[in-house]
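The values are calculated or read from the model by the stated rules, or taken from the named source; none is laboratory data. None of these values were measured; they are calculated from a predicted model. Heads up, the Cβs are rebuilt from the backbone with ideal geometry, glycines too, and the neighbour counts pull from every protein chain shown. Only protein heavy atoms, including side chains, enter the accessible area calculation; ligands, DNA and RNA are left aside. Shrake-Rupley method; radii C 1.70, N 1.55, O 1.52, S 1.80 Å.
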Amino acid sequence: MHDYTNNYHANNFIVKWYSIQRAHTVENMRKLLLTGSVFTCTMLLSAPALADDAQELAAIKAEMRRLAAQVEAIESRQAKRHAGPSAPTHNVARNTPSPSAPHTGNKLATAYANQADREDPSIRFSPDEGPVKTAADTHGGTAKGGLGFKWLPGASGSDANAGADADEKSHSSIDLSSSSPTAITQTEVDRLPPIFSIGGISVKLGGFIDMSNIWRSSNMTSGPATGWGNFPYANSPNHGLSEERLSAQLSRLSILMEANPSKSSRLQAYVESDFAGSGSTTNSVQINGYTPRLRQSYFTFTQKDWGLHILMGQAWSLATNYAKGIIPRQEELPAVTDNNQLPGIVFTRVPQIRIGKDWNQKYWLGLSIEDPQATVGFSSTISSGSTIPAARGQADGARVYYANTGGMLLNAATNYSYNPVPDMILKAAADTSFGHYEVFGLARWFRSLAVEPGATTTKKHTHFGGGVGAGMTAPLGTNRLHLTGDVLAGDGIGRYGPTQIPDTTFNGRGQLTPVPEIMGSLGLVGHPNSSVLLYTYGGVEASGRKRYIGADGKQYGYGVNDLDLAGCDVEFGVCSAQTHTLASFTAGGWWHFLQGRYGSMMAGLQYTFVRKFAFKGNDGHGNSVDPATSGNTVYVTFRYFPFQ
C-alpha cells in the first residue's frame, strides 16, 4: 500500500510537471508563431522583391502551418485533460482521439483546415505550389540559405542530368518552345504563381530588367526603337555616321489580377508598362530621366460555357497576328528586341472594345472597335491650316484642316487627326493540328475640313479606307521549327506597319484620300533545345500613288515622279524623296542561360538590314533618278527576370 501511495504521488507530480511544461511549450509556441508571422509580414512588406520567390514563400507558409497545427494539437490535448471526459469538445480540433484511445496527435491537414477557418477570409495567400527541387537537391549539393543555383543545360548531357534538367524545366515559367515566347514579347505573367490574394482576386507580378546596346550604321538619334522609314539618304551627314547607344528603357513591369465569379467565368485585369516615354525635361546629360509609359491596360471577361470573350482597354490590335485564338497575350509577335518590331509586321497597340466567340476553342470570330489616328503625307510640307497648290483648272488652292494639337491629358506637341468613327476589325481564326490560321477585314474612315477655292467657309469631307489581311503560324513537321507570316493590303493602312508610310494625302479639292499599300512578313523560328531560340524574318512594305495635276502642270500628293531628286546623293543636298518600298532581313536569337530561385537571365543578339527605295524623280535635266539607301542595326541585350 505504501508503494502504491508513493507511486500515485510520483505519478501525480509527473503529470503536474508535464502539464506545466506543456503550458510553457504552448506559450513559447504562440510567441514563436507570432514572431514568425511578424517577421514574415515585415519581410514581405519591406522587401517585396523576395515575394516573387515562390519556393521560399511556400516554405515559409508550410512552416507557419506546421507551427499552427502543433499549437492546436497541444491545446486540444490540454483541454481534454483539464475538462475531463464529460466536458464539451466543440472547440477541440477535429479528429482528436477519444479519452479512452491512445493519443496519436492531429493530422497536419486537419489542423491547418481548422486554423484556416479562423483566418480572415478576405485576405489570404495563394495556394501552395508543389515541392520544387533546387540545384542542390538535384545534384547532391548543399545550398546556403535555401537558394538553389543551376546553369541551364545544353542540348546534350548525361542521363542523370537529363532527369534533373526535365525537373528544372517543368518548374520554369519561361517557355522558349513557342514561336512567340511571351517572356520576350510581353511578360509571361500568366505562367507565374500568384504573389497574394485579396478577397477572390489573385495578384501576379511580372516583368524584367533590360539592358540593351544598340548600334546603327546611320545616326538616327533614337532610343531602343528604330524608325525604319527614317534611315537617311546620302544627302544627310548622318548617313555615314554610325550610332552607339546604351539603354535600359525597355525594362518592363506588369501586373495581372484574376477572379473567378463562377466555375465557368473569369475576370482578368492586366497592366503593362515600360520606360520608353520621354517628357519635356528628359535628357541624357547627367541623368537619363525617361518616363514610364503605358503599353497595355485592359480588363477581360470570359464565359467558358458560352465561348464568350470581351476585352476593354488598351491592348494589341485585333489586326495583329495571333498564335492561338484571338485572346490577349497570345499574339504572334516576333521575338525581337527592337521596340518598333520589324518592317512588314502588322500591329498597333491602341484602346479598343472587343467581343469574341469561340467554338470549342478551335474556331474563333471577333469584332474590335479601335481608336484610330490617321497619318498624312504630301509632296511638300503641309501643316493643318495651310493652302495646297491649286489643281488644274483652278486659280487658287484649297485651305486644308486635318489635325489639332493635343489638349487636356494629351501631348501638346503632337497632332491628333479628326476621327469620325473608330476603326473596325472583323477577324476569323482556326486552330488546327497543323497550325493556326486567320483572316480579317479592316474598315477605316478619314475626315478633313477644306475651304475650297472661292469659298469662305469650311466643308467637311469623309472618305472610306481599309483592307484585308491574313496570318498563320504552323510547325514544319516538328514543334522545334515554326513558320509564321502575316499580310495586309488595302488603302489607308499605313499606320498598321512599323515603316509608317502615310495613310492619306490630299486631292485637288483638299480632301484626304487613302494611299494604297501592301505589307507582309515571313519568319522562321527554331528551338535547338529548351534554352535557345533562333529566328529569321523577312518583311516588306510598299505603297502606291495618289496624286493630282496642279495648275502649273506638276504632280502633287504622294508617289509623284516629277520631283527634282538630284540632291539625294549629294551631301547637304535637298532631298524630298517619298518612300515607295522598304524591305528588311532580320536574324537573331535568345539564350536562357541562367535560372534559379533568384530568377532567370537571358541574352539576346539581333541583326537587321533594311533597304529603302523612293519613288522615281529626275535630276533637273530630264534624267531619271532612283534614290535608295540602306541601314544596319545590331542589338546586344541582357535581361534579368526576377519573377521567373
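For the range 545-625, which chymotrypsin sites (Phe, Trp or Tyr not before Pro) are in a loop by DSSP, counting at most 11 other Cβ atoms within 10 Å?
Working: sites: TYR548, TYR556, TYR558, PHE572, PHE585, TRP590, TRP591, PHE593, TYR598, TYR607, PHE609, PHE613, PHE615; in loops: PHE572, TYR598, PHE615.
Loop-located and lightly packed - PHE572.
Can you work out the base-10 log of I(q)/I(0) for the range 418-559 at q = 0.16, 0.19 1/Å, using the Debye formula on its C-alpha atoms alone?
-0.91, -1.11
In angstroms, what radius of gyration and Dmax does the range 288-332 have, counting Cα atoms only?
Gyration radius and largest Cα-Cα distance of the range 288-332: 13.7, 50 Å.
Take the Cβ-Cβ distance between GLN394 and TYR437 as r, set R0 to 35 Å, and report the resulting FRET efficiency rounded to the nearest 0.05.
0.10
If Lys and Arg each add +1 and Asp and Glu each add -1, what is the summed charge of the other residues whose beta carbon sits under 12 Å from the beta carbon of GLY377?
Values: positive: ARG495, ARG545, LYS546, ARG547; negative: ASP503, GLU517.
So the environment of GLY377 carries a net charge of +2.
Given the range 170-275, report the % of alpha carbon pairs whose separation exceeds 17 Å. If you can, show how the numbers build up before the last one.
Details: 3694 of 5565 pairs.
Tail of P(r) above 17 Å: 66 percent of Cα pairs.
Take the alpha-carbon positions of the range 286-410, form their convex hull, and give its projected area averaged over all directions (one quarter of the hull surface) in nm².
Numbers: hull surface 54.1 nm².
Approximately 13.5 nm², given one-decimal rounding.
Can you check what the net charge comes to around ARG216, using other residues whose Cβ is under 11 Å from the Cβ of ARG216 (Lys, Arg +1; Asp, Glu -1)? Mind showing how you got there, number by number?
Working: positive: ARG245; negative: GLU243, GLU244, ASP338.
Neighbour charge sum, excluding ARG216 itself: -2.
For the range 247-310, what is the convex hull (Cα atoms) projected area averaged across all directions, in square nanometres? Kindly include the intermediate steps, with their values, before the conclusion.
Details: hull surface 22.0 nm².
Taking the Cα atoms of the range 247-310, their convex hull projects to 5.5 nm² on average.
Label points 7 Å out from Cα along the Cβ direction at ASN288 and TRP306: separation in nm?
Using points 7 Å along Cα→Cβ, the separation is 4.8 nm.
Provide the FRET efficiency to the nearest 0.05 for the GLU571-SER297 pair, computing r from the beta carbons and using R0 = 51 Å. Before the final figure, lay out each step's value.
Details: r = 46 Å, r/R0 = 0.89.
The pair GLU571/SER297 has a calculated efficiency of 0.65.
Run the simple label-point estimate for ILE369 and LYS554 please: 7 Å along Cα→C-beta, distance reported in nm.
Each label point is offset 7 Å from its Cα along the Cβ direction, giving 4.4 nm.
In square angstrom, what is the accessible area per residue of the range 288-446 with a 1.4 angstrom probe? Display every interim value, and only then the final one.
On the way: 7060 Å² over 159 residues.
Result: 44 Å² per residue.
Obtain the nm distance between the two label points defined at ALA489 and ALA412 by a simple spin-label model: each point lies 7 Å from its Cα along the Cα-to-C-beta direction.
Distance between label points: 4.6 nm.
If Lys and Arg each add +1 and Asp and Glu each add -1, what is the summed charge of the other residues whose beta carbon sits under 9 Å from the beta carbon of GLY617?
Values: positive: LYS616; negative: ASP562, ASP564, ASP619, ASP626.
So the surrounding residues net to -3.
Evaluate 2.2 N^0.38 Å with N set to the residue count of the range 306-359, then give the Cα radius of gyration divided by it. List each step's numbers first, then the result.
On the way: Rg = 12.1 Å, N = 54, 2.2 N^0.38 = 10.0 Å.
Normalised Cα radius of gyration, the range 306-359: 1.21.
Over the Cα atoms of the range 430-504, compute the convex hull volume and normalise it per residue, giving Å³. Don't skip to the end; give the middle numbers.
Details: hull volume 6.6 nm³, N = 75.
Output value, Cα hull per residue: 88 Å³.
Determine, for each peptide in 376-385, 228-237, the mean count of other beta carbons within 10 angstrom over its residues, then list the peptides with the highest first.
228-237, 376-385
Let me know the charge dipole size of the range 484-642 about its Cα centre in debye, to the nearest 20, where only the beta-carbon of Lys, Arg (+1) and Asp, Glu (-1) is charged.
Numbers: 11 positive and 12 negative charges, 106 e Å.
Dipole magnitude for the range 484-642 comes out near 500 debye.
Largest first and in whole Å, give the semi-axes of the range 340-422's equivalent ellipsoid, each being the square root of 5 times a Cα gyration tensor eigenvalue.
Numbers: eigenvalues 272, 59, 39 Å².
Over the Cα atoms of the range 340-422, the semi-axes work out to 37, 17, 14 Å.
Could you tell me the calculated FRET efficiency between SER265 and TRP359, based on Cβ-Cβ distance and R0 = 22 angstrom, to the nearest 0.05?
Details: r = 18 Å, r/R0 = 0.81.
Once rounded, the FRET efficiency stands at 0.80.
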